[in-house]
Amino acid sequence: MKENSVNPGREHWSGQLGFILAAAGSAIGLGNIWRFPYITGENGGGAFILVYLLCVAFVGLPVMICEITLGRHTQRNPAGCFAQLTPKSSVLSHFLGGGMILTGIALLFFHSFGWGIAALVLGGLVFWQSWRLVGLMGVLTGFLILSYYSVVGGWAIGYAIKAAGNHLAFTGVEQAQETFDNFVSSPLPVIGFHFFFMLLCVVIVYKGVQKGIETACKVMVPLLFIIMLVLILRGLTLPGADAGVRFCFTPDFSKLSAQGVLIALSHAFFTLSLGMGAMITYGSYLGKNENIFGAAVWITALDTLFAILACLMIFPAVFAMGFEASEGPGLLFQVVPAVFNQIPLGPVWAVLFFLLLLMAALSSGISLLEVVTAYFVDERKWPRHRAVIGTGAVIFLLGTLCAISLNNWNALPGIQEAVTACFGGARASFFDLIDNLTSNWMLPLGGFFIALFTGWVWGTRKAIEEIRHGSKNFADVHLLTLMAGLKDDPSHNSSKHPLTLATLWGIFIRFVCPVAILITFLHTIGWLNLTP
Ligand code: TRP
């Protein structure tokens, strides 16, 4: 274990590779394999993938660098990190808080009471907590995401067991759909598997994650890669598969809506585990000599690779076998068993696949639980076991509500009315509500404020000073020199350069990322209309 000057007692990753694999383990999860293909299907394919890639490169990567830097600099959980760096008084936060309060008053004026009061409360909180609110919001987001994430993780366990009993030998599309619908809406098994998934998360986080995650990820990520390749090969060789490849790689912008752009941006945050401080937490276990920029590029690239592979795994088979691309959350669970039916030893592969899906979900789930745990341990001084078990239990209960909200409200009389009363005319299920609230609103907002804070309050200069430890090329070599491979050539190296990766990153963090996120938001809530 490496000691660190800022916080000597804190445990650290074994090194650069350990960190990259653990962070990639957090990033690669249900977001890549389950969620990305179905939102791609719902939003029209190629054009959506293109927008998503732009979001990852121009917004995701800079924010990823930002979060890791904040974490390593403060060596604390997100709430502690913002508490430490928030200045006594910040003009920008007063400005934002004032803006929210004025918006709240305006909304009340227009009889939009729910949103008006929400804006007033939020504005008040901003005045009270200033930038600390960003860290606290991150911890809350972790709670909410893990509650429904764990339900889907439970589905993977359920499907692994079904596959082992050879109950997934579908002969047609309808059968696959029926099996999925029946499974998801049978409360007891789903809650049981959800409990089991949470239990696994709790056990791993309880023991301390570093050793566990690091070793697990070193085995798991390559294994997942191989199994996916097998599935891709089988899918591509089915007759009619080329329609699926065309669907993924031929952009048709007429199928892309404004809502689709917001979903692409939000998904970039979700899939990279950004916007709530998971990477701040993981970065806080990083030693001073590691290369932040290099690690961020690796994590982002690996995550993107797995997302594209997942689409190649699913869509050729979808088109070849007559599924609907816009099937929604059940897509993966219906298509994959159907493809396995087409190869020898199908059930064996299927069991293996769902077990790996479970592990991918686990290595992400523990990163969510770790954020919440680190908060209670660092800030509330709870012993680690109490923090893990307590938060795990609360998340389990919340997740149970998500699970039964998928058309089983009548199993708990009165609950649906209570939820509807709290959250308005929720025609969507509680599951969708939490998913939508966290991924489409809280994560991009969190990312927005993290970028704003680093760029304008803490300051890019201090951030770059932190990144410089471990990656000199980032701050001190001219971009063109770097691109030409001449960084070791003395004649191309002087000590002052205006154009480096660092200056480029600073511009992205101060301008490009916040503006891109803001435009997407304003567009979504209808205050800005860019469609002709
Ligand atoms: N990135 C993970 C996935 O794609 C999910 C995840 C883990 C996450 N930690 C997170 C999402 C933190 C947002 C924030 O499945």
| field | For the range 462-471, 3J(HN,Hα) per residue [Karplus equation, 6.51 cos²θ - 1.76 cosθ + 1.60, θ = phi - 60°, Hz, x = Gly/Pro] | value | 5, 4, 5, 4, 5, 5, 4, 5, x, 9
| said: Can you compute the charge dipole magnitude of the chain about its Cα centre, using +1 on each Lys and Arg Cβ and -1 on each Asp and Glu Cβ, nothing else charged? Give it in debye, rounded to the nearest 20. | reply: 1340 debye
| said: Just to check, using Stokes-Einstein with a Kirkwood Rh over alpha carbon pairs, what's the diffusion coefficient of the range 70-124 at 10 °C and 1.306 mPa s in µm²/s? | reply: 125 µm²/s
| query | Based on the Kirkwood radius over alpha-carbon pairs, what is the Stokes-Einstein translational diffusion coefficient of the range 298-367 at 10 °C with 1.306 mPa s viscosity, in µm²/s? | reply | 119 µm²/s
| task | With a point put 7 Å past each Cα toward its Cβ, work out how far Ile308 is from Ser14 in nm, to one decimal. | result | 3.0 nm
| request: Take the range 1-102, compute every pairwise Cα distance, and split them into 10 Å bins from 0; I just need the percent in each bin. | output: 11, 27, 28, 25, 8, 0
| query | Beyond 23 Å, what share of the Cα-Cα pairs of the range 141-239 remains, rounded to the nearest whole percent? | reply | 43 percent
| said: Which of rounded, prolate or oblate describes the range 46-163 when judged by the alpha-carbon gyration tensor and an a/c cut-off of 1.5? | reply: prolate
| Could you give me the ³J(HN,Hα) list for the range 475-481, computed from phi with Karplus coefficients 6.51, -1.76, 1.60 and θ = phi - 60°, whole Hz, x at Gly and Pro? | 9, 10, 10, 4, 4, 5, 4
| message | Neighbour counts of other C-beta atoms within 10 Å: give me Glu178, Glu67 arranged from fewest to most. | response | Glu178, Glu67
| Using 7 Å Cα-to-Cβ label points, what is the Leu522/Lys472 separation (nm, one decimal)? | 4.4 nm
| request: Calculate, in whole percent, how much of the Cα-Cα pair population of the range 436-498 lies beyond 15 Å. | output: 65 percent
| message | On alpha carbon coordinates alone, what is the Rg over Rh value for the range 18-65, Rh being the Kirkwood radius? | response | 1.04
| request: Order by neighbour count: Cys201, Cys55, fewest other Cβ atoms within 10 Å first, most last. | output: Cys55, Cys201
| Calculated from DSSP H runs of 4 or more alone, at -39500 (n - 2.57) each and per residue, what is the 222 nm mean residue ellipticity of the chain, nearest 500? | -22000 deg cm²/dmol
| request: May I have the pair-distance distribution P(r) for the chain, computed from all Cα-Cα distances with 10 Å bins from 0 and rounded to whole percent? | output: 4, 18, 29, 28, 16, 5, 1, 0
| Proxy reagent accessibility, fewest Cβ within 10 Å first, across Arg386, Arg76 | Arg386, Arg76
| task | Taking chymotrypsin sites (Phe, Trp or Tyr not before Pro) as candidate sites, keep only those in a DSSP loop with at most 16 other Cβ atoms within 10 Å, then name the longest stretch of the chain containing none of them. | result | 111-526
| request: Tell me the Kirkwood hydrodynamic radius of the range 173-308 in angstroms, computed as one over the mean inverse distance between distinct C-alpha pairs. | output: 19.3 Å
| field | Listed residue pairs exceeding 27 Å between alpha carbons, taken from Lys288/Lys487; Lys88/Lys462; Lys218/Lys288; Lys218/Lys462; Lys462/Lys487; Lys88/Lys207 | value | Lys218/Lys462; Lys88/Lys207
| field | Tail beyond 20 Å, pair distance distribution of the range 237-316 (Cα, percent) | value | 52 percent
| field | Contact order relative to length of the chain, as percent, for alpha carbon pairs under 8 angstrom and 6 or more apart | value | 30 percent
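FYI, it's all coordinate maths here, none of it is from the lab. Remember, predicted model here, so these are calculated numbers, not experimental data. We place every Cβ from the backbone using ideal geometry, glycine too, and count neighbours over all the protein chains shown.
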